[in-house]
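Nothing in this text is a laboratory measurement; each read-out follows from the coordinates by a stated rule. Keep in mind the model is a prediction, meaning the values are calculated, not measured. So basically every Cβ, Gly included, is an ideal-geometry build from the backbone, and we count neighbours across all protein chains shown.
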Amino acid sequence: MPTAIHRRVELCKSGEYPQLVAQVPSGFVILADKQVLRGYCLLLPDPIPIHLNALEGSAREQFLADMARLGDALLAVTGAVRINYEMLGNLDPALHAHVIPRYDEEPEPLRTKPIWSYDWEAAPAFSESEHGELREAIRRKLSTMDAR
């Protein structure tokens, strides 16, 4: 049964996903549907294994390298103080990585908590007018970085 991750990868392949940032060697980088924190991205592998441990050898190394490279790009573009990385897969049993910039100006009670502690209903949804420039800045930065 296709998951939301599978559907997003298919949309990325067809060029129909508005949040698509870039194709990378292991798959696709997208901006999250809800920009709970500015620049929150996902790395979606292509093809999609069920979890990280199902990837072997160079495929696993490439996915992890792309995840770290995305974090480097987000640090450079957003001014974040650090990047959080999460691979959960509990709701969608398909490998994907959450790559989340964290900021000094976050509210004190939330600054050290997982992103899941935020009010997701109040978070802005991705929109071209609000997030298109950020998407392009991340895309440009990724294109100038070594893909290994």
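Which translational diffusion coefficient, to the nearest whole µm²/s, is obtained for the chain from the Stokes-Einstein equation, given a Kirkwood hydrodynamic radius over C-alpha pairs, 20 °C and 1.002 mPa s? Working shown, then result.
Details: Rh = 15.6 Å.
So the translational diffusion coefficient is about 138 µm²/s.
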Helix 57-78 sits at what angle to the longest principal axis of the chain, using alpha carbons and giving 0 to 90 degrees rounded to 10?
20 degrees
Hydrodynamic calc, region 22-73: Kirkwood Rh from Cα pairs, then Stokes-Einstein at 4 °C with viscosity 1.567 mPa s, so D in µm² s⁻¹ is 112 µm²/s
Could you tally the net charge around residue 41, taking each other residue with its Cβ under 14 Å from the Cβ of residue 41, Lys/Arg +1 and Asp/Glu -1?
+3
Pick from 88, 20, 134: which residue has the top mean-square fluctuation in a GNM of the chain where Cα pairs under 10 Å get a spring?
88
